[in-house]
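**Q** Take this structure first; my questions come after.
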């Protein structure tokens, strides 16, 4: 590591100018989405709530996945990834907004979650709901969500604040604080995210139980967050904000991580299915998969097997693909799409006997996604898109295999 920080050419130009066209586009997208949601809540509130939960769960998984990646890189003392870390920091910084965007889920809780009103359930399921009431009740549901998101938002904002302060001060102790927070915070994030996944998605079907479910949900978030990082890194590099700061070896490593966690997601998905198959409990676990293997959902399930694992696995085996940013970004874009299908597959079978895309899905996606993108762009405005004050900044610039 060099003693002096690298002097960047045209350094002020390396600051993100705010992307006025991107800001306006995301604001317009979000506004149109919220208009559509308002119409949906007025006309078909139940369907709108179902679609909204899918969209919210999708973008929450990306933000929280980015936080886990950020904390993991700090805990592992990773040097090569320093120059793509700021993008992760900005992705994770949207977590606080997603708590605000969860308000419609809180308001529509009675429609979404059958345990809120057990009288709608069959007698055996009512007994399960009554047994779980000490933990699974509206007050606890809301309080846990607030506590979890507050903790995640604090971690994300401390990491971003310390990293930004280091841009000007070059203080090495700030790196130590980021690493300590990463090491201490990761286990707490893992536990809280598991409980959150149980609350928000597994409890849609009160009789279903899976200790792997939380890991399944955020393994998808890991893959999605890495895919989004690759897309954003490619765009920032092309726009000049990371030009000369990232090279093909950075893309190669990002591609390897994407490949590894595509395999990890498939392993967790298969492990959960295998455990349910071996347990063969017809009153609780088997109905969960029967819903997803009948009446058209079989095709969606097979799409996940092929599109979320087989296709990206086959393509990402190639080392050459990982060193072609445009092609790697295209594969990452596909994974972002198929991850949305995965979240849709988690939520919708409980509500719809057959899969059917509706305008509610598009409205909810635009509403949550547009506002989240707008907020992320605002947080990035006037900032470097790489942590130029990090003591390992030069090592990352010079990284090669």
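Each reported figure results from applying straightforward, stated rules to the coordinates on display, with no laboratory input. Computed from a prediction, not measured in an experiment: that's the story for all the values here. Please note: Cβ atoms are built from the backbone with ideal geometry, for glycine as well, and neighbour counts cover all protein chains shown.
**Q** Can you work out the FRET efficiency for the pair residue 110 and residue 319, with r the C-beta to C-beta distance and R0 = 56 Å, to the nearest 0.05?
**A** Computed FRET efficiency for residue 110 and residue 319: 0.60.
**Q** Give me the one-decimal nm value for the distance between modelled label points at residue 330 and residue 359, 7 Å along each residue's Cα-to-Cβ direction.
**A** 3.3 nm
**Q** Among 227-240, 302-315, how do they line up by average Cβ neighbours within 10 Å per residue, starting with the highest?
**A** Result, highest mean first: 227-240, 302-315.
**Q** At 0.36 nm per residue, and after removing the present C-alpha to C-alpha distance, how many nm does the segment from residue 120 to residue 278 gain when stretched out fully?
**A** Taking 0.36 nm per residue and subtracting the Cα distance, the gain is 53.9 nm.
**Q** Report the label-to-label distance for residue 154 and residue 180 in nanometres (one decimal), using points 7 Å from each Cα along the Cα→Cβ vector.
**A** Those two pseudo-labels are separated by 1.5 nm.
**Q** Can you tell me, using C-alpha contacts under 8 Å and at least 6 residues apart, the relative contact order of segment 13-396 as a whole percent?
**A** Worked out over segment 13-396, it gives 38 percent.
**Q** Sorted by mean Cβ packing within 10 Å, highest first, what order do the peptides 47-56, 155-164 take?
**A** 47-56, 155-164
**Q** Next question, about the same structure. Could you calculate the FRET efficiency of residue 77 with residue 235 from 1/(1 + (r/R0)^6), where r is the beta carbon distance between them and R0 is 25 Å, rounded to 0.05?
**A** So, using R0 = 25 Å, E works out to roughly 0.35.
**Q** Still on this model: Using only the alpha-carbon atoms, how far is helix 325-347 inclined from the longest principal axis of the chain? Give it as 0 to 90 degrees, nearest 10.
**A** 20 degrees
**Q** For residue 170 and residue 295, what is the calculated FRET efficiency with R₀ set at 41 Å and r taken between the beta-carbons, to the nearest 0.05?
**A** Calculated value: 0.10.
**Q** Angle check, please: helix 248-279 long axis (alpha carbons) against the longest principal axis of the chain (alpha carbons), in degrees 0 to 90, nearest 10.
**A** That works out to roughly 20 degrees.
**Q** Here is a further query. Report the label-to-label distance for residue 395 and residue 248 in nanometres (one decimal), using points 7 Å from each Cα along the Cα→Cβ vector.
**A** Taking the two extended label points, one gets 2.5 nm.
**Q** Of (1) 0.98; (2) 1.03; (3) 1.20, which one was derived for Rg/Rh (Cα atoms, Kirkwood Rh) from the structure shown?
**A** From the options (1) 0.98; (2) 1.03; (3) 1.20, the structure gives (1).
**Q** If you line up the long axis of helix 359-380 against the longest principal axis of the chain, both from Cα atoms, how many degrees apart are they, to the nearest 10?
**A** The angle comes out at about 30 degrees.
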